[in-house]
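Heads up: the structure comes next, in structure tokens.
None of the figures in this text is laboratory data; all of them are computed from the coordinates on show. This structure is a prediction, so every number in the text was calculated from the model and none was measured. A quick note on method: Cβ atoms are made from the backbone with ideal geometry, for glycine too, and the neighbour counts reach across all protein chains shown.
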2 protein chains.
Amino acid sequence: MKKSIGPMTMVCTTPVWIVGSYDQAGKPNIMTAAWGGVCCSEPPCIAVSLRKATYTYHNIMERKAFTINIPSEDFSRETDYIGMGSGRTIDKFHDTRLTPVQSKLVDAPYVQEFPLILECRLLQSFELGLHTQFVGEIMDVKADESVLDDDGLPVIPKVRPIIFDTGSQSYYGAGDFIGKAFLIGTKVR
Amino acid sequence: MKKSIGPMTMVCTTPVWIVGSYDQAGKPNIMTAAWGGVCCSEPPCIAVSLRKATYTYHNIMERKAFTINIPSEDFSRETDYIGMGSGRTIDKFHDTRLTPVQSKLVDAPYVQEFPLILECRLLQSFELGLHTQFVGEIMDVKADESVLDDDGLPVIPKVRPIIFDTGSQSYYGAGDFIGKAFLIGTKVR
């Protein structure tokens, strides 16, 4: 018997991303976001939803670009801090001692210290209610060599990403390997 | 020095969801999806992107409804199987011995055995390229009592959701507690 808990965004799992953007004056800003996901394979696109009240919302609308920076667990405190205040009143790069790097592909900064970076140009924005969804085309992925596997691709046990628990408003790490996709299911029938 | 690996959907982390829908004849179908996320808090909405080639795409377009079913790790084999074939040619509920339950709120079935269910009515669909993004309003969340914490909300260590590693095309579990959001960041400055 399932219990009804009402219409809420109680979704497992949600990512923990840092969205990088420039403001009108060219100051780099970062914010933490958990409302988003991949939305298309070709062109490769990512969606992230932000409230209009955020500083980043206006930055992306003006610059038509943003980065998605994936922090490792080592940066969980910084990640939380970046989600607690607005770039209008604080300099989050300064406070966290993280380093902004200007993307050469899009008009947005990325975070030098984070292991995995997606450079995105704004393709579309959709007004959905409290949140506006930004769809960005992923122009390039940049990764620290230390998080790449033998195939040259970033993998979870090396990136050590953070996931967000909507129910307890907490951060968790990624866990153990379960199995290969398109393989473990062959045993079902 | 970061290495450029090109424009790809190499995103950490992506969820593992089972999308439930009815076909024209009323047969319940399920498919596995990892391209999606929360997209709005008010109204509470979830986005999931599917290729037009899928059976589920046509089901959702016709029924204007779907469910998002979050499997626990215990169902990783079934989850993989559900992502390997089309409901056009196989009966995935039958093959996996999972039980379809008709939602009373939306015109879609959910999976009895999975711990966390979101019943969604289609609000909008966006053609983005290879994938179409469906935005569903979450009409209700239903959860097994066993996955609820003391506040009555589902939490990661009890749901034991699966995450998908795009780099290695593998499934991982959720890991250890890192810290409370809007709290651990206070120590940064």
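Is there a simple number for the mean count of other chain Cβ atoms within 10 Å of the Cβ of residues in B:28-40, and what is it?
6
Could you sort the peptides B:172-181, B:159-168 by per-residue average Cβ neighbour count (10 Å cutoff), highest mean leading?
Sorting B:172-181, B:159-168 by mean packing, highest first, produces B:159-168, B:172-181.
Please express the shape of the protein assembly as shown as an equivalent ellipsoid: the semi-axes are the square roots of 5 times the eigenvalues of the C-alpha gyration tensor, given largest first in whole angstrom.
32, 21, 21
Charges on Cβ only, +1 for Lys and Arg, -1 for Asp and Glu, centred on the Cα centroid of the protein assembly as shown; of B:MET61, A:THR56, A:GLN112, which one is farthest towards the dipole's positive end?
Checking the options against the dipole of the protein assembly as shown, the answer is B:MET61.
Quick one: putting +1 on the C-beta of Lys and Arg, -1 on the C-beta of Asp and Glu, what dipole do you get for region A:1-103 around its Cα centre, in Debye to the nearest 20?
380 debye
Which of the residue pairs B:LYS2/B:LYS187; B:LYS3/B:LYS158; A:LYS187/B:LYS2; A:LYS3/B:LYS180; B:LYS158/B:LYS187; A:LYS52/B:LYS187 have a Cα-Cα distance greater than 31 Å in the structure shown?
From the list (B:LYS2/B:LYS187; B:LYS3/B:LYS158; A:LYS187/B:LYS2; A:LYS3/B:LYS180; B:LYS158/B:LYS187; A:LYS52/B:LYS187), the Cα-Cα distance tops 31 Å for B:LYS3/B:LYS158; A:LYS187/B:LYS2.
How large is the convex hull of the Cα atoms of chain B per residue, expressed in Å³ as a whole number?
Each residue corresponds to 160 Å³ of Cα convex hull volume.
Report the Stokes-Einstein translational diffusion coefficient (µm² s⁻¹, integer) for region B:1-51, Rh taken as the Kirkwood radius over Cα pairs, at 25 °C with viscosity 0.890 mPa s.
178 µm²/s
Work out the mean other chain Cβ neighbour count within 10 Å for the residues of A:138-146 and drop it here as an integer.
For this peptide, the per-residue mean of nearby foreign Cβ atoms is 5.
For chain B, what does -39500 (n - 2.57) per DSSP helix run (n ≥ 4), summed and divided by total residues, give at 222 nm, in deg cm²/dmol to the nearest 500?
Helix-only estimate at 222 nm: -3000 deg cm²/dmol.
Taking only Cα atoms and a 10 Å spring cutoff, compute GNM fluctuations for chain A and point out the largest among A:CYS39, A:CYS12, A:CYS120.
A:CYS12
Other chains near B:73-81: what is the mean number of their Cβ atoms within 10 Å of each residue's Cβ?
Going residue by residue through B:73-81 and averaging, the value is 5.
How many angstrom lie between the Cα centre of region B:76-138 and the Cα centre of region B:162-179?
21 Å
Nm distances between the label at A:PRO157 and the same-position labels in the remaining copies, 7 Å along Cα→Cβ, shortest first?
Ordered by distance, the counterparts are at 2.4 nm.
Starting from the Cα of A:LYS92, draw a straight line to each of the aspartates and glutamates and keep only those under 12 Å, dropping any in the same chain fewer than 8 residues away.
Excluding near neighbours in sequence, the set is A:GLU78, A:ASP80.
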